[in-house]
There are 2 protein chains.
Amino acid sequence: MFDDEYYMRQALREAQLAFEADEVPVGAVVVWGDKIIARGHNQVERLNDCTAHAEMIALTAAFNGIGAKYLPEATLYVTVEPCLMCSGALYWSKIGRIVYGASDPKNGYKKTTGENWPFHPKTQLSNGTMAQECAQLMKDFFARKRQ
Amino acid sequence: MFDDEYYMRQALREAQLAFEADEVPVGAVVVWGDKIIARGHNQVERLNDCTAHAEMIALTAAFNGIGAKYLPEATLYVTVEPCLMCSGALYWSKIGRIVYGASDPKNGYKKTTGENWPFHPKTQLSNGTMAQECAQLMKDFFARKRQ
């Protein structure tokens, strides 16, 4: 059986691809049943599009892949707390569950939404899975940037 | 000289295209100087992607069109108050100014952000331009849907 850590490790692999491409290292996977139906990593620099976040790419890939525009039975794993944009996208997707790794006090959704729930009322949320590894990759990235 | 109403009328033309395609009728244009550099209308049904909102499409078209991923000197005109996702995208774009027409108490960003400012600190915001026309198109759409 696969658990949250297994899928978060897959999201981390996506984040590592972003890191190697000199992108802010955030990765995401969408899981339906026990199958990964979509993957995404941050491609803001490559696509020259500040909306090309890991979650947006993974969601759009999931919609295309399964031919549905809602994902009530799916789980999105993402290495870092979603920003406001991605939280809004997750709202529209009606995704069943969100699991994120590291918190992001600077750009995470909570900074703007405060105590308000930005997701669909039925969406479940977990965080902290492999948080240290997810955060470390971000730290390594920004340390390299500052060199 | 062109004024806000001129550009909002262009955004309304986009919204009309959405209406005719049986999409929730929201339209947007991005203006740089006095030139419209990108247009977009809601294509959620056609693309089978709940993130394909007018603003997302117009922003990505603008980034592609001018080869920049920030739009600090541009204005986005959109017929209806942006949702949380689109507000987050506008934050990342660092857009100079946002003008929206009709308010959207159900899905507009204010429902979730409350008193918090979701946009870039330098972004200016106006609303109410041609609000009645923008809202009427939405009302006509949902009235038709209920028939």
Filtering the stretch A:32-44 down to residues that are surrounded by 22 or more Cβ atoms within 10 Å (Cβ to Cβ) and closer than 27 Å to B:Y70 by Cβ yields A:G40, A:H41, A:N42
With respect to the numbered conditions (1) buried (at least 21 other Cβ atoms within 10 Å of the Cβ); (2) in a helix (DSSP H, G or I), which one is the sole condition not fulfilled by A:V29? (2)
I'm trying to understand the selection: among the residues of the stretch A:45-70, which are crowded, with 24+ Cβ neighbours inside 10 Å and more than 7 Å from chain B (Cβ to nearest Cβ)? A:H53, A:A54, A:E55, A:A58, A:A62
B:V80, sole failed condition from (1) more than 7 Å from every other protein chain (Cβ to nearest Cβ); (2) within 14 Å of B:V31 (Cβ to Cβ); (3) buried (at least 23 other Cβ atoms within 10 Å of the Cβ): (2)
Count, please, the residues in the stretch B:117-132 that happen to be over 21 Å from B:R13 (Cβ atoms), open to solvent by less than 70 Å² (accessible area, probe 1.4 Å) and polar (S, T, N, Q). 1
Can you find a residue in the stretch A:94-105 that is within 11 Å of another protein chain (Cβ to nearest Cβ), touching a helix residue (DSSP H, G or I) at 6+ places or on another chain (Cβ under 7 Å), crowded, with 18+ Cβ neighbours inside 10 Å and of a type outside the set (A, V, I, L, M, F, W, C)? no
Of (1) over 23 Å from B:N116 (Cα atoms); (2) out of contact with any Phe, Trp or Tyr (no Cβ under 7 Å at 6 or more places or on another chain); (3) open to solvent by less than 40 Å² (accessible area, probe 1.4 Å), B:F2 satisfies every one except (3)
Cross-chain or 6+ apart pairs with Cβ under 8 Å, the stretch A:111-132 first and within 11 Å of chain B (Cβ to nearest Cβ), then assigned to a strand (DSSP E or B): A:F119/A:I98; A:F119/A:L125
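The values are calculated or read from the model by the stated rules, or taken from the named source; none is laboratory data. Computed from a predicted model, the values in this text were never measured in an experiment. Methodologically, a virtual Cβ is constructed for each residue, glycine included, from the backbone with ideal geometry; neighbour enumeration extends over all protein chains shown. Just the protein is used for accessible areas: all its heavy atoms, side chains included, with ligands, DNA and RNA removed. Shrake-Rupley method; radii C 1.70, N 1.55, O 1.52, S 1.80 Å.
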